[in-house]
């Protein structure tokens, strides 16, 4: 018996040493297999981002080392992250690409493209505005805590409290980076500073027990069964959350407010990327990053002007049919937007009715897509309102992915700041874009992919994801989901907005357009209400190039679909085309084209 125990003990020791040796080999040296390297790349980036791990929920509970912490946002960590990108790119290139399978080459090329474009951006480190009216720590961290940090047990609740106490460190790290940016003359537009100050002051103006960090925590705590947590524990936790908000969260916001009050005098105007040091090169990189093409700002500007003219003609035809022939496209569409029958009541009840209408639209199309899709995500999607404190500067709607473990569905957020921004004839297209079959299909299907490196389930490419969502707006029309001409006008209005983006984004950042000039152009051509237009234009100022991905990606996908239809003739199957687009994860446009070309060739031979 002793001999057997000794053998078993030594076997265990050898096993542990072997596993340890394998870990050291994979983590610190070039892994023997490229798929091990892929796993290491994701793991090294993931362990640096506790928020991402909490949101994705891909690790088992016993491996939870992250739920009481935040990612390091210091300048030193920014440098380490860039060094890791460069090291990962160099290691990837040391593998023999030609020895890989076709799908292996695709994985290689996707990662190589992503790493390379990030490394090319090293020259512009610090050019982005990490605290702006659209996103940043002042809104994103609170949103993360309320929407993504789970509170389904006592341990998760205590992690929530711990994270609240770490707000000051996170804010201090961001302030460190802001100070360096100011030394480099990277100053946000003046409106950004003003609106961020308004947003942060509004966040802390109510007592801690009325703050969203407290109220949403209490709501989650109330859902824990009585037998799983005592009343005394609940009261203790609520007291700790109130104290953490008062003693940690609010002081962190006050420090950021004080910093931005110091920035305000330095923000002399509202300028695009051209105003930054070496701004022309920076914007050219932004364009490459977000469109995943080699198109120049001038080329994109001209495509935008052409698309604006085409869509104007289609919108005008619908308006004339309704007896509306006088005035600009924008003026006439706004007349319809303001029609009482197009608006829900601007009351709490009316806003709830608006949310329910969105859910009904989503549920309706979700049950009628079998003719175009045979791959569907398992995860569902729910409609939620944008949090009140973020409504003033948030977009009209946006999508948040569900969790990988299925515990949180995809979430479609609708902005209820002004019901006039969401006339009924625009709601179908918005729901199709943000939810089904738009972002929810694309992201949830990617999350559920099997047999591919994990990075292919999560890597983002703007032109692909936003191009797909815009493509599905068109697809829904082609499938007959816009039976009312006004619903089609809503679709065209939103496509017009994306065409206008090509003009105004390049105008702002390459042609020195003013904020007011860009606002006037969008008002004239889209028919959007002014508050919505202002939010859109100000978004483009702080996210150079991002708005270009929608139309560029959509145009490419439509071109590829038409190419496949022509070359395959009767063999063309729209479901199989969508499978090719959706079941490889997000791709740069050049690689998506290769996937479709390979599928066309294989289908011809079949």
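The values are calculated or read from the model by the stated rules, or taken from the named source; none is laboratory data. Fair warning: this is a prediction, and the values are worked out from it, not measured in the lab. Positions of Cβ are generated from backbone atoms using ideal geometry, with glycine treated the same way; all protein chains shown enter the neighbour counts.
What to note about this one:
- Members of segment 311-321 found to be in contact (Cβ under 8 Å) with a residue 60 or more places away in the chain and either surrounded by 14 or more Cβ atoms within 10 Å (Cβ to Cβ) or within 15 Å of residue 493 (Cβ to Cβ) (or both), listed by number: 311, 312, 314, 315, 318, 319
- Sole residue being farther than 30 Å from residue 65 by Cβ, crowded, with 19+ Cβ neighbours inside 10 Å and in contact with a helix residue (DSSP H, G or I) (Cβ under 9 Å, 6 or more places away or on another chain), chosen from 131, 193: 193
- Scanning segment 225-267 for residues that are surrounded by fewer than 11 Cβ atoms within 10 Å (Cβ to Cβ) and in contact (Cβ under 8 Å) with a residue 12 or more places away in the chain turns up just one, 228.
- Unmet criterion (only one of (1) over 17 Å from the mean Cα position of the chain (by Cα); (2) in a helix (DSSP H, G or I)) for residue 481: (2)
- Qualifying position, being surrounded by fewer than 17 Cβ atoms within 10 Å (Cβ to Cβ) and more than 18 Å from residue 43 (Cβ to Cβ), among 96, 109, 83: 96
- Note on segment 404-433: residues that are under 18 Å from residue 367 (Cβ atoms) and without any contact (Cβ under 8 Å) to a residue 40 or more places away in the chain amount to 2.
- Considering the conditions (1) over 25 Å from the mean Cα position of the chain (by Cα); (2) within 21 Å of residue 134 (Cβ to Cβ); (3) at pLDDT below 95, residue 206 is excluded by exactly one of them, (2).
- Check on residue 327, in a loop (DSSP other than H, G, I, E, B) and more than 24 Å from residue 465 (Cα to Cα): yes
- Summed over segment 359-390, the residues that are closer than 27 Å to residue 191 by Cβ and surrounded by 15 or more Cβ atoms within 10 Å (Cβ to Cβ) give a count of 5.
- Breaking point among (1) modelled with pLDDT of 95 or more; (2) surrounded by fewer than 20 Cβ atoms within 10 Å (Cβ to Cβ); (3) under 22 Å from residue 525 (Cα atoms), for residue 300: (2)
- Flag for residue 352 being assigned by TED's automatic domain parsing to the domain that holds residue 457, modelled with pLDDT of 90 or more and closer than 30 Å to residue 137 by Cα: yes
- Among the residues of segment 203-224, those identified as exposed (fewer than 11 other Cβ atoms within 10 Å of the Cβ) and assigned to a helix (DSSP H, G or I) are 210, 222.
- Checking each residue in segment 477-520 for being farther than 24 Å from residue 463 by Cβ and either touching a residue at least 12 places away in the same chain (Cβ under 8 Å) or outside the structural domain of residue 286 (by TED's automatic domain parsing) (or both) picks out 481, 482, 484, 485, 486, 487, 488, 489, 512, 514, 515, 519.
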